[in-house]
Amino acid sequence: MKLVIVEGTDRTGKDTLVDRLVQEHRNVVKRHWGFPQGSTNEEKTRHQKMSFQEEFELWDYMATIGPEDMITFWNRSHVGEFVYGTIYRNSQPEDWVWDLEEEYNMDKVDDVYLVLLYADPEFIVAKEDGKSYSTELSYKEVEISTFLEAFDESKIQRKLKIKVNSGTDYIDKEEIYNQVKSFIHE
């Protein structure tokens, strides 16, 4: 059973990509994480930590009993928590995010894929819909650099990063889809 994690800042096409991939497969589980729940930063961090622990446990369990052709797609993940928790909630996700990967042997598991979609910060700000944590260029620069850092730090073996813009335009969504489809079916 494969786990495909799609990460990146807002406005990079994660939803579009995941929806397209889901349409092309049978035996699919799709998860999407939004904003964390809670009134304080501590509650939000606790919620995220518990949610990702439970999701890793569920995926691990399903990998042992589920059909081999099942694919789980995560739209956002613990990798995004490393980025957003650090920047916007002043939490210390590095204390537990990478421990999850270790606990579930992400450095040894062959059927987990991490796809990072990213773009130039100016492009992301220009495409902003007002639903993100921040619309400021300086924050987008930090988000993107932290995603790239998290991507490199992740122990997941199979990783692909795709820059989704060329200048002021998105690159062809079909091209992105084909790259990812090829990557997860190597």
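The values are calculated or read from the model by the stated rules, or taken from the named source; none is laboratory data. Keep in mind that what you see is a predicted model, and the values were worked out from it rather than measured. Quick reminder, even Gly has a Cβ in these numbers, built from the backbone with ideal geometry, and neighbours come from all protein chains shown. Side chains are part of the model used for accessible areas, which takes the heavy atoms of the whole protein and leaves out ligands, DNA and RNA. Shrake-Rupley method; radii C 1.70, N 1.55, O 1.52, S 1.80 Å.
Can you name the residue in the range 124-144 that is assigned to a loop (DSSP other than H, G, I, E, B) and acidic (Asp, Glu) and, of all such residues, is farthest from HIS25 (Cα to Cα)? Out of the qualifying residues, it is GLU136.
For the range 116-130, the candidate set comprises residues that are more than 19 Å from the chain's Cα centre (by Cα) and modelled with pLDDT of 90 or more; within that set, the residue that is most open to solvent (accessible area, probe 1.4 Å) is GLU122. Among residues of the range 36-47 that are under 14 Å from HIS78 (Cβ atoms) and without any contact (Cβ under 8 Å) to a residue 60 or more places away in the chain, those with a beta-carbon under 6 Å from a residue that is part of a loop (DSSP other than H, G, I, E, B) and open to solvent by 60 Å² or more (accessible area, probe 1.4 Å) at least six positions away or on a different chain give the pairs HIS47/GLN37. Here the range 131-145 is the region considered, the condition is being within 18 Å of GLU7 (Cα to Cα) and over 17 Å from the mean Cα position of the chain (by Cα), and the residue that is surrounded by the fewest Cβ atoms within 10 Å (Cβ to Cβ) is LYS131.
Within the range 110-123, restricting attention to residues that are assigned to a loop (DSSP other than H, G, I, E, B) and out of contact with any Ser or Thr (no Cβ under 6 Å at 6 or more places or on another chain), the residue that is nearest to PHE52 (Cα to Cα) is ASP111.
Taken residue by residue, the range 56-75 has at least one member that is within 27 Å of GLN92 (Cβ to Cβ), without any contact (Cβ under 8 Å) to a residue 24 or more places away in the chain and not aromatic (Phe, Trp, Tyr).
Does PHE147 meet the test of being within 21 Å of TRP74 (Cβ to Cβ), aromatic (Phe, Trp, Tyr) and not in a strand (DSSP E or B)? So PHE147 passes the test. For residues that are part of a loop (DSSP other than H, G, I, E, B) and open to solvent by 70 Å² or more (accessible area, probe 1.4 Å), scanning just the range 153-182, find the one that is farthest from VAL4 (Cα to Cα). In this case the residue turns out to be THR168.
Restricted to helices (runs of 4 or more DSSP H) entirely inside the range 1-109, those with at least 3 residues that are open to solvent by 60 Å² or more (accessible area, probe 1.4 Å) and on the phi < 0 side of the Ramachandran plot are 14-23, 41-65, 97-103.
Scanning the range 11-33 for residues that are more than 23 Å from GLU122 (Cα to Cα) and either among the aromatic types (Phe, Trp, Tyr) or out of contact with any helix residue (DSSP H, G or I) (no Cβ under 9 Å at 6 or more places or on another chain) (or both) turns up VAL18, ASP19, VAL22, GLN23, HIS25, ARG26, ASN27, TRP33.
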